[in-house]
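Notes for the one structure printed next.
The values are calculated or read from the model by the stated rules, or taken from the named source; none is laboratory data. In this text, all values refer to a predicted model and were calculated from it rather than measured experimentally. Cβ placement follows ideal geometry from the backbone for every residue including glycine, while neighbour counts extend to all protein chains displayed. All accessible areas refer to the heavy atoms of the entire protein, side chains included, with ligands and DNA or RNA removed. Shrake-Rupley method; radii C 1.70, N 1.55, O 1.52, S 1.80 Å.
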Amino acid sequence: MLSIAPMIAPKTGAPRRSSAALTCASASPSPAWPGRAVAPAVAKKTDGPKKFSLLGSTGSIGTQTLEIVEEHPDKFAVTALAAGSNIDLLAEQVRKFKPALVSVRKAEDVAKLREQLAGMDGPLPEIMAGDEGIVEVARYHDTDACVTGIVGCAGLKPTVAAIEAKKDICLANKETLIAGGPYVLPLAEKNGVKILPADSEHSAIFQCIQGLPEDGMRRIILTASGGAFRDWDVDQLKNVTVADALKHPNWSMGPKITTDSATLMNKGLEVIEAHYLFGASYDNIEIVIHPQSIIHSMVETADSSVLAQLGWPDMKLPIIYTMSWPNRVPCSEETWPRLDFTKCGDLTFKAPDHAKYPAMKLAYAAGRAGGTMTGVLSAANEMAVELFLSEKLSYLEIMPTVEKACEAHRAEFVEHPSYEEIIHYDAWARDWVRDLVTGGKAVVA
C-alpha cells in the first residue's frame, strides 16, 4: 500500500517536509464546524417557505429532496433546478414544482425540454445549458440555500458560485471538500456561508455535536455497512461482476456511490470530509463496520461519553435536517417510519478487513498528505469506477489503479492549491487513469 505522506516534496520549492508536518492540524484550513455546532442566536427570517436551488435534480439526492419539498410545501420550495440528460423526468419536475430557472447539461436538450413543457400551467422557466447554466442555478438570486446533489468534481464550480453568492450549502457532494477543501472552506468563512452536511454519516456527526462545548469532541467514529461484499471472502472478489457490486444490502443509491460502498472508498473519502468538516485529526477518525446501518455515526466526547445518531437507513432524514437546520420539521409517521428498537434486532460491529478493503489505508494516506493529493485520489477513483461500471476494468483493478495515479502525482503535488490547481489536477487524474486503462496498463492487485 502506498505511503504517500512521507514521500511528498511540495511543489512550492520549499524543503521536503516530514510526514508529521503534513499531518498537523495547522496545515489544514479552519473546519466548517470545529468540533461543535451552535445554532445562530437570531435565525434567518424568510417570507413563506425557505427557497432552494437544487443541483442534480434527477439523481438520487435530487429526487429525494423534491419528495421532501412536495411533502412540506409550507416549509420548502425550489426556485431553480439543474439536471443532466434525463429530460423526461426533469420535465415532470418542472411541471410539478414550477422553478423559475432550469439548466440542462447539453445545449441540444434545451429545445427538447421546452417542447415537453409546452402547455404547462403557469409561465415557462428560463432554460439554460452547460456550465454557465448550472452556475446560474447555484447562485440564483431568489434562493436561501443550494442543495448540491451532483456526483464528482463537477459539483465544485457551481458550489463555489453559490458560496460567492452567500447561499448556504446543503452538501451532498463529497468532492467539494475532498478536492476543494483548502479553497472552499476559507471562501465559505469569508462569505459567512454555512456548509451543512447532507450525507448520513456526516449529518449524524453534525447532529451529535450540537451544543457541545469547545474541545468537547475527542473522536469521530464513522459507521460503514460493509457494502455488497461484506459477507464475501477475499478470494471470492476476483469473480465480482458489476451487477454484484451494485447489490447494496441496505441503501438505495446511484451506481458510483454503491460501487464506492463495495470497495469502502466511500468511507475513506468520508474520513477526509470529516476532517475538513469537523477538524478532527486523522488519528481521531475511526471506521467501524455496522451491518444494520441503524447507527449512522458516533462522536466520543472529551469525558469518554459516546453520542450516536440512529434511524432507519433513509437518506431523506439527513437531507431534511440540512434543509431545516437549526430547526426540526415534524414528519408524518406514514412516510417517515419511527425507529422501533424491537424490530431492529441486534446491532453489531466489527473492525474492517484491510485485505478486503485496501481503499481505507490509501484514503488515510492521501488525507494526511492533504493538498492536491485528496482531489487526485477522488478523481482517479471516480474514473476507475466509471471504467469498472462500463466493464473496461475489473473490480480488483480499481484500487491498484487509483494507487498508481496517486504515486504518479507525487512529483507535482501542491500543498496549498489554488482553485485552478484543484480543477487542473482533478482533470489530470481522470486523464491519467483513462490513459493507463485504455493503454492496457491497469494493475491487478
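Calculate for the chain the 222 nm mean residue ellipticity that helices alone would give, adding -39,500 (n - 2.57) per DSSP H run of length 4 or more and normalising by residue count, nearest 500 deg cm²/dmol.
When only DSSP H runs of four or more count, the value is -11500 deg cm²/dmol.
For the chain, what's the relative contact order in percent, using C-alpha pairs closer than 8 Å and at least 6 residues apart? Provide the component values of the computation, followed by the final result.
Numbers: 857 pairs, mean separation 85.5, N = 445.
The normalised contact order for the chain reaches 19 percent.
So which lysines pass the test for Lys194, namely a Cα distance under 24 Å, with those fewer than 8 places away in the same chain ruled out?
Lys44, Lys45, Lys50, Lys51, Lys75, Lys157, Lys166, Lys167, Lys174, Lys267, Lys316
In debye to the nearest 20, how big a dipole does the chain give about its Cα centre with +1 on each Lys and Arg Cβ and -1 on each Asp and Glu Cβ?
About 520 debye.
Considering only DSSP beta bridges whose two residues both sit in the chain, what percent are antiparallel, to the nearest 5?
Working: 11 of 41 bridges.
Bridges in the chain are about 25 percent antiparallel.
Which residue, Ser378, Phe413, Tyr364, has the largest displacement toward the positive end of the dipole of the stretch 293-445 when charges sit on each Cβ (Lys, Arg +1; Asp, Glu -1)?
Of Ser378, Phe413, Tyr364, it is Tyr364.
What accessible area per residue comes out for the stretch 236-293, rounded to a whole number of Å², with a 1.4 Å probe?
Spelled out: the 1.4 Å probe surface of the stretch 236-293, per residue, equals 31 Å².
Per-residue accessible area for His424 at 1.4 Å probe radius, Å² rounded to 10?
Rounded to the nearest 10, that gives 100 Å².
When only alpha-carbon atoms are used, what values of Rg and Dmax, in angstrom, describe the stretch 349-393?
Rg and Dmax of the stretch 349-393, Cα atoms, are 12.6, 35 Å.
How big is the dipole moment of the stretch 199-322 about its Cα centre under a simple scheme where the beta carbon of each Lys and Arg is +1, that of each Asp and Glu is -1, and everything else is neutral? Debye, nearest 20, please.
Values: 8 positive and 16 negative charges, 73 e Å.
Computed charge dipole of the stretch 199-322: roughly 340 debye.
Over the stretch 311-398, what is the relative contact order in percent, taking alpha-carbon pairs closer than 8 angstrom and at least six residues apart?
14 percent
At a 1.4 Å probe, what is the % contribution of carbon and sulfur to the accessible area of the chain?
Summing carbon and sulfur atoms, their accessible area is 50 percent of the total for the chain.
Measuring with a 1.4 Å probe in the full set of protein chains, what accessible area per residue, in whole Å², belongs to the stretch 63-133? Don't skip to the end; give the middle numbers.
Values: 3510 Å² over 71 residues.
Per residue, the stretch 63-133 has an accessible area of 49 Å².
Give the cross-link partners of Lys238 among the aspartates and glutamates, using a straight C-alpha distance below 13 Å as the criterion and excluding same-chain residues fewer than 8 apart.
Counting by Cα, and skipping residues close in sequence, Lys238 has these aspartates and glutamates nearby: Glu397.
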